[in-house]
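A short worksheet on the structure shown next.
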Amino acid sequence: MEFLNLAAVREPERLVELRHRVRAFLADETSSGRITPHSDQWLAGWDPGFSRRLAEQGWIGMAFPAKYGGSAQGALARFVVTEELLAAGAPVAAHWIADRQSGQALLSFGSEEQRQAFLPVIARGECYFAIGMSEPDTGSDLASVRTRGARVDGGWKVSGTKIWTSGAHHAHAMIALIRTEPLGEKRHAGLTQVIVELPDPSVEVRPIKLLTGEHHFNEVVFHDTFVPDSRVLGEPGAGWKQVTSELAFERSGPERILSTFPLLVEALRESNRQGETVDRVRLGELISRLWALRQMSLAVAGRLEQGDDPAVAAAMVKDLGTTLEGDLIDSVRMMVGIEPDPAALSRLPRMLAEALLHSPGFTLRGGTNEILRGVVAKAVNVS
């Protein structure tokens with residue numbers, strides 16, 4: 001079964017050296033006060049200046065060919081950089097989606113004009129993308145999307161609604177999955193991906209605020225939005241195959257494991273400062289789960305590096321990873337005996353509250369756990 005065939009990947013020396021360079025860079029950014037560690041920064045940490053500084057180091061677009069502004073270092077090198085960024089709680093949300101999957105979709109299915117238009121500015125940390133997949137009342141069931149594209153002269157008129165679109169209020173573009181043929185017996189047929197450039201007066205972006213009051217998610221409404229033929233991604237009707245190929249990039253990365261890792265780091269530092277001993281059994285359980293999931297995520301990155309499509313393995317990583325992220329919050333709370341308090345003067349109670357209030361979104365983004373388990377179960381039955 002392909003989703004269990006995940007051989008361990010060992011980092012070559014060049015990646016070990018890269019990891020140390022990233023750590024030194026992040027230590028300087030933190031000590032200088034340019035960034036402050038937080039949990040869940042790949043969603044909440046919107047800092048265009050930091051993204052540009054990363055790009056100057058060559059750490060955005062690492063899997064892009066040099067002809068499109070990338071460094072062509074590959075998926076494993078990108079894994080090393082993103083793992084260090086997430087572990088440090090760095091603010092990476094601005095460029096995250098574009099670098100992680102939108103750029104990859106353009107490389108796989110985009111026209112040369114589309115690649116030239118978007119990839120170099122993504123690699124410079126100056127172009128941000130949003131994901132237009134989920135819809136109200138459809139959730140993770142992408143085959144049931146109802147946003148429609150009607151053929152018009154020179155392109156398509158798009159009408160419908162997308163939801164949980166992280167960063168759409170900042171984004172320069174969105175890759176949206178739309179239905180361009182009537183729904184028939186084959187639910188996966190007749191779907192198309194289009195690139196909607198933003199802002200657009202016919203596109204309404206409505207905020208969906210977190211429990212903290214922060215604005216990261218959105219509902220996006222297309223009011224007969226015109227999308228020219230030059231902004232159709234790939235072939236009309238091929239949207240299902242294209243969008244599912246993105247999911248391995250979206251679901252398997254270290255962001256599905258490390259969103260709350262900065263909280264654990266801060267808890268251990270605080271315990272050390274106070275001279276307190278943490279529950280080593282509980283800590284050992286967390287670390288062992290973290291390490292096992294890291295190996296799984298790294299193995300998926302290795303398969304992506306080889307050009308494979310490990311979609312089912314990615315679903316497993318995402319399901320198990322987001323479960324761990326939530327469990328980590330409760331474990332830290334028990335280990336340190338501190339209650340979450342967003343108004344606390346000390347850092348740890350604030351970080352605990354921050355992570356706790358962000359946690360309901362962990363299983364929404366990238367597919368709910370129920371959908372992911374269905375993907376795995378289906379693969380088991382087929383095997």
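The values are calculated or read from the model by the stated rules, or taken from the named source; none is laboratory data. No experiment lies behind these values; they were computed from the predicted model shown. With ideal geometry, Cβ positions are generated from the backbone for all residues, glycine too; neighbour counts draw on all protein chains shown.
For region 324-361, which residues satisfy the criterion of being among the small types (Gly, Ala, Ser) and part of a helix (DSSP H, G or I)?
Our first condition is that a residue be among the small types (Gly, Ala, Ser); within region 324-361, this holds for 326, 331, 337, 343-344, 346, 353, 355, 359, 361.
Across region 324-361, the qualifying residues are 326, 331, 353, 355, 359, 361.
Counting only residues that are among the β-branched types (Val, Ile, Thr) and either surrounded by fewer than 18 Cβ atoms within 10 Å (Cβ to Cβ) or in contact with a Phe, Trp or Tyr (Cβ under 6 Å, 6 or more places away or on another chain) (or both), how many does region 319-337 have?
Just the residues of region 319-337 that are among the β-branched types (Val, Ile, Thr), to begin with: 322-323, 329, 332, 336.
Cutting the leftovers down to either surrounded by fewer than 18 Cβ atoms within 10 Å (Cβ to Cβ) or in contact with a Phe, Trp or Tyr (Cβ under 6 Å, 6 or more places away or on another chain) (or both) gives us 322-323.
Matching residues across region 319-337 total 2.
Hey, among the residues in region 139-165 that are part of a loop (DSSP other than H, G, I, E, B) and in contact with a Lys or Arg (Cβ under 7 Å, 6 or more places away or on another chain), which one's surrounded by the most Cβ atoms within 10 Å (Cβ to Cβ)? Step through it out loud before you land on a result.
We begin by selecting, within region 139-165, every residue part of a loop (DSSP other than H, G, I, E, B); these are 139-141, 145-147, 153-154, 164-165.
Adding the requirement that they be in contact with a Lys or Arg (Cβ under 7 Å, 6 or more places away or on another chain) leaves 145-147, 164.
Values: 145: 25, 146: 14, 147: 23, 164: 22.
So the residue we want is 145.
For residue 87, are the conditions met, namely being in contact (Cβ under 8 Å) with a residue 60 or more places away in the chain and among the hydrophobic types (A, V, I, L, M, F, W, C)? Show your work before the answer.
On the way: in contact (Cβ under 8 Å) with a residue 60 or more places away in the chain: yes; among the hydrophobic types (A, V, I, L, M, F, W, C): yes.
Against the criterion (in contact (Cβ under 8 Å) with a residue 60 or more places away in the chain and among the hydrophobic types (A, V, I, L, M, F, W, C)), residue 87 qualifies.
Scan 273, 251 and give me the residue that is surrounded by 20 or more Cβ atoms within 10 Å (Cβ to Cβ) and of a type in the set (Lys, Arg). Before the answer, list the steps.
On the way: 273 fails: surrounded by 20 or more Cβ atoms within 10 Å (Cβ to Cβ).
Going through 273, 251 in turn, the sole match is 251.
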* Members of region 198-212 found to be in contact (Cβ under 8 Å) with a residue 24 or more places away in the chain and of a type in the set (Lys, Arg), listed by number -> none
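Can you name the helices (runs of 4 or more DSSP H) wholly within region 42-102 that have at least 1 residues being more than 16 Å from residue 249 (Cβ to Cβ) and charged (D, E, K, R)?
Numbers: elements: 48-56, 75-87, 93-97.
Ranges flagged: 48-56, 75-87.
Kindly indicate the residue of region 36-66 that is among the charged types (D, E, K, R) and within 19 Å of residue 18 (Cβ to Cβ) and also surrounded by the fewest Cβ atoms within 10 Å (Cβ to Cβ) among those meeting that condition. Spell out how you get there, then give the answer.
Going residue by residue through region 36-66, those that are among the charged types (D, E, K, R) are 40, 47, 52-53, 56.
So of that shortlist, the ones also within 19 Å of residue 18 (Cβ to Cβ) come out as 53, 56.
Working: 53: 16, 56: 11.
Among them, the one singled out is 56.
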* Answer yes or no: is there a residue in region 109-122 that is assigned to a helix (DSSP H, G or I), touching a helix residue (DSSP H, G or I) at 6+ places or on another chain (Cβ under 7 Å) and aliphatic (A, V, I, L, M). => yes
* Asked: Within region 218-235, is even one residue closer than 22 Å to residue 101 by Cβ, outside the structural domain of residue 101 (by TED's automatic domain parsing) and among the basic types (Lys, Arg)?
  -> yes
* **Answer residue from region 67-83, given it is more than 18 Å from residue 52 (Cβ to Cβ) and surrounded by fewer than 24 Cβ atoms within 10 Å (Cβ to Cβ) and is farthest from the chain's Cα centre (by Cα) among those** => 67
* Taking the residues in region 339-349 that are free of Cβ contacts under 8 Å to residues at least 24 places away in the same chain and in contact with a helix residue (DSSP H, G or I) (Cβ under 7 Å, 6 or more places away or on another chain) as candidates, determine which candidate is surrounded by the most Cβ atoms within 10 Å (Cβ to Cβ). => 340
